[in-house]
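What follows is calculated from the coordinates using simple rules that are stated; it is not laboratory data. Small disclaimer: the values here were computed from a predicted structure and weren't measured. Quick reminder, even Gly has a Cβ in these numbers, built from the backbone with ideal geometry, and neighbours come from all protein chains shown.
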């Protein structure tokens with residue numbers, strides 16, 4: 001985190017670059033950070049210096065077993081299946097970031113519009 005902010009502004013800008021030109025994207029403050037919604041459903045977000053990625057709960061266990069990925073647990077003891085946090089080490093390249101953002105967009109795009 002830079003400058004004591006609640007979330008990493010540099011990562012947020014990188015995510016915005018990945019989302020530029022995509023239809024149906026809205027930005028909302030939530031989770032003490034920022035979330036990017038596709039048609040009203042959270043796709044990805046930034047919490048502190050981690051990327052939040054919303055995925056199909058069926059794919060959760062497989063994805064969370066990857067290096068630099070853990071389950072998103074806001075409540076301290078009630079992990080959220082289908083919600084991942086990707087640590088900065090897993091986001092170093094734009095290609096890595098792009099693949100996580102796309103995963104979140106694909107899942108959010110599969111949900112009914114809100």
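Some notes on this structure:
- Over all projection directions, the Cα-based convex hull of the chain averages an area of 7.0 nm².
- Relative protection proxy for 43-51, 97-105, from highest mean packing down: 43-51, 97-105 (other beta-carbon atoms within 10 angstrom).
- In percent, rounded to a whole number, the relative contact order of the chain is 25, using alpha-carbon pairs under 8 Å and six or more apart.
- Sum of -39500 (n - 2.57) over DSSP H runs of 4+, divided by residues of the chain (222 nm, nearest 500): -9000 deg cm²/dmol
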